[in-house]
Amino acid sequence: MNLVKSKFYFLMVVVFSAIAPLSGQSGYHLNFQGMLTDIEGERISNDQFDLKVQLMHKSDQEILFEFSSSVTTDQEGWFGFNIEGISSYLLKEGASGTPLVIKMEFMPNNNTGWIGENEDFMIPYTLSSHQNENIIEMEIKRVEGSVLIAHSEEHFYVFKDQIPFAYLTGGFLVADHYPPDNQLIEDLKIWISPSEEEEPEAASRGVKGGFPTGGYHRKKK
């Protein structure tokens, strides 16, 4: 438990890195799942905050995508958001495009209990893509250059941060279908939860530190 508590003192931003065969595909979509906990490791349940997400060019800060909304965590402290068609911003005519930045800004409102007035904070991500023969490699790095643990199968990629940022434990699902598959989201939540001992369902489903493999088939529309 002491290890879990100590994680929440680190101030860092999230990274994901993986090889994604995007060329020739119809497009990929990003889903973010975050879990809020206080410095004691207790989940911040049913609490509200304002979330602002921006996607922009790294070179000139041109905003490509933006939304702001009031968000409420669920009973387990989870919240999430989507960026539909993320590959269209990363690629230009099927080739590598300019690096992108995602900024997540957490701001208190009148109903927020876990952070006070003027205690808002921002988490930036740097996204880039590189052409490697017929493969597009996607990469997101945080400031010190550490990377998320990645797992990929046909049609989807998942990523988790090893050390949370302050209150936030986060992970990503990047898939070639939208909306995202609910079972994949639930598996991602189990995988990125900070303590397996506190997640008995993870052990019962055979996660044990790794993403559950196999058994996923893209649903026909």
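Just so you know, all these numbers are worked out from the coordinates, no wet-lab data involved. None of the values given here were measured: they were computed from a predicted structure. Every residue, glycine as well, gets a Cβ built from its backbone with ideal geometry; the counts of neighbours run over all protein chains shown.
Other residues with beta-carbon under 14 Å from the beta-carbon of residue 55 carry, at +1 per Lys or Arg and -1 per Asp or Glu, a net charge of -2.
Residue by residue, the stretch 176-190 carries 3J(HN,Hα) couplings of 8, 9, 9, x, x, 5, 4, 5, 5, 5, 5, 5, 4, 4, 5 Hz when phi is fed to the Karplus relation 6.51 cos²θ - 1.76 cosθ + 1.60 (θ = phi - 60°); x denotes Gly or Pro. A cut-off of 5 Å between modelled amide H atoms, ignoring neighbours fewer than 5 places along the same chain, links residue 121 with 106. In this rough spin-label picture, where each label sits 7 Å from Cα along the Cβ direction, the residue 186-residue 45 distance is 1.9 nm. Under the simplified labelling scheme, the residue 109-residue 146 pair shows an inter-label distance of 3.2 nm, with each label point 7 Å from Cα along Cα→Cβ. For the pair residue 74 and residue 121, the difference between a 0.36 nm per residue extended length and the Cα-Cα distance amounts to 14.8 nm.
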